[in-house]
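Asks: Sending over a structure as structure tokens; questions will come in a sec.
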Amino acid sequence: MAEYWLISVPGEKTLQQSWETLNNATMRNQVLSTNYKFAIPDLKVGTLDVLVGLSDDMGKLDIYCESVTRKIAQYLGETLEDRSDKLQGNLQVNGVDMVTYLTRFQWDLAKYPIKQSLKNIAEIIGKQVSQIETDLKTKATAYNNLKGNLQNLERKSTGSLFTRNLTELVKREDFVLDSEYLQTLLVVVPKNIIHDWQAKYESLTDMVVPRSSRTLFEDDENCLCSVTLFRKVAEDFRNRCRENRFMVRDFTYNEKDIADGKMEISKLEDDKKKQYGPLVKWLKVNFGEAFSAWIHVKALRIFVESVLRYGLPVNFLAVLIQPHKKTTRKLREVMNQLYAHLDSPASQDAGQMEIPGLVGISNVDYYPYVYYKIGLDLVDPLK
């Protein structure tokens, strides 16, 4: 997904003139970017002290809103089982894709009334996104537990014969049932020593029924064999099996337990299907809510920083810039030259400087114009 720059520059005689100056510079020799006007309403300025405090708070809120937006997008991708093509179609905001929403941004007056102070608007957004994050944790935990329980049961029905559920591999007729003296055991035998089993099992202990062993199932590595013997020698038989690398599985044939196990899997599958639809719908709706809140925070930040940087009365142009491929460096040079007069140090090496006063922080993005990056690559492909 594309990277966008949200910038502001001070107004000239008119904002239209500022717009034309920027467009001419970025398209003079080659088209370096696509530019969009970023509409910001007439927000209440407040006092300088409030603005300075908000500047720091907005930075933290920006990071928080982005993180929650990314969490929702990531979890939606996991719920849709990582089909990236399917995921992108579901990442919508107010019925449109992220790019359309961002490039045609309009302030939501109903959710965030501009008659409120900047601090109140920020608090409204913070509480909204915090509630979304809380609900996400609750819903994700419930669905993950359900999915995990189902996966555990499904995993037990596959995999190695040493650990898998044996109920689907055996039948009633494979066992001697309801006998006071006899018992049928199930033994896992590695294929490479199956001949040892066939030669030895009758003599591992006394009281093993001759020729009672049958191979009930086999995979690539092991065989599942049955053997019938007297109950009183069963423990001794287990120990002798272990000495010979044969493993007796703990298994008792019980039709009720088998039926209950199948019913549990069926119930979990039904529960997962029932939760899947509402969960996906919730994730889609609240992704849009979180993304919208995040972009509104960007708008608040650009407003606050522009007033602090350029002063009063409020007179600045906010622009969303989409750099074209392989033109980022050239675009940055052009813009730094264009706005070098706003801040003399900026005419030096563009954008990667130590800023006095920011103790312990170096290589900070700093330009003569107000700048924030917006990245729409919200899902980590490695996860």
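The values are calculated or read from the model by the stated rules, or taken from the named source; none is laboratory data. Predicted model only: the values in this text are computed from it and were never measured. Neighbour counts are summed over all protein chains in view; Cβ atoms, including those assigned to glycine, are modelled from backbone coordinates with ideal geometry.
Asks: Search the range 216-263 for residues being over 22 Å from Gly159 (Cα atoms) and of a type in the set (Val, Ile, Thr), and hand back the single one that is farthest from the chain's Cα centre (by Cα).
Replies: Applying the filter and picking the extreme gives Val233.
Asks: From the residues in the range 47-93 that are farther than 17 Å from Gly126 by Cβ and of a type in the set (Gly, Ala, Ser), which one is modelled with the highest pLDDT?
Replies: Step by step, filter the range 47-93, then rank; the result is Ala73.
Asks: Here is a follow-up. Considering every residue within the range 110-125, establish whether at least one is within 24 Å of the chain's Cα centre (by Cα) and within 30 Å of Lys298 (Cα to Cα).
Replies: Yes: one or more hits.
Asks: Please verify whether the range 193-207 includes one or more residues that are within 25 Å of Asp257 (Cα to Cα), β-branched (Val, Ile, Thr) and modelled with pLDDT of 95 or more.
Replies: For the range 193-207, residues within 25 Å of Asp257 (Cα to Cα), β-branched (Val, Ile, Thr) and modelled with pLDDT of 95 or more: absent.
Every residue, every condition in (1) under 24 Å from Leu109 (Cβ atoms); (2) in contact (Cβ under 8 Å) with a residue 24 or more places away in the chain; (3) outside any loop (DSSP other than H, G, I, E, B); (4) of a type outside the set (Lys, Arg), yes or no:
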{"residue": "Glu12", "(1), (2), (3), (4)": "no, no, no, yes"}
{"residue": "Thr21", "(1), (2), (3), (4)": "no, yes, yes, yes"}
{"residue": "Val31", "(1), (2), (3), (4)": "no, yes, no, yes"}
{"residue": "Val52", "(1), (2), (3), (4)": "no, yes, yes, yes"}
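Asks: Right, something else. Which residue is farthest from Val187 (Cα to Cα), if the candidates are limited to the range 199-233 and must be among the acidic types (Asp, Glu) and not in a loop (DSSP other than H, G, I, E, B)?
Replies: The initial filter retains those residues of the range 199-233 that are among the acidic types (Asp, Glu), namely 202, 206, 218-221.
Now drop any that are not not in a loop (DSSP other than H, G, I, E, B), which leaves 202, 218.
Working: Glu202: 13, Glu218: 12 Å.
So, considering only residues that are among the acidic types (Asp, Glu) and not in a loop (DSSP other than H, G, I, E, B), the one farthest from Val187 (Cα to Cα) is Glu202.
Asks: Would you call Asn144 under 30 Å from Ala259 (Cβ atoms) and either under 16 Å from the mean Cα position of the chain (by Cα) or hydroxyl-bearing (Ser, Thr, Tyr) (or both)?
Replies: Judged against the criteria, Asn144 is a match.
Asks: A further question on this structure: Please go through the range 239-261 and give me each residue that is without any contact (Cβ under 8 Å) to a residue 40 or more places away in the chain and farther than 17 Å from Leu161 by Cα, ordered by number.
Replies: Asn239, Arg240, Glu243, Asn254, Lys256, Ala259, Asp260
Asks: A further question follows. For the subset of the range 289-329 comprising residues that are of a type in the set (Gly, Ala, Ser) and not in a helix (DSSP H, G or I), which member is farthest from Gly11 (Cα to Cα)?
Replies: Gly311
Asks: Please count how many residues of the range 99-135 are farther than 19 Å from Ile40 by Cβ and touching a Phe, Trp or Tyr at 6+ places or on another chain (Cβ under 7 Å).
Replies: The qualifying residues number 1.
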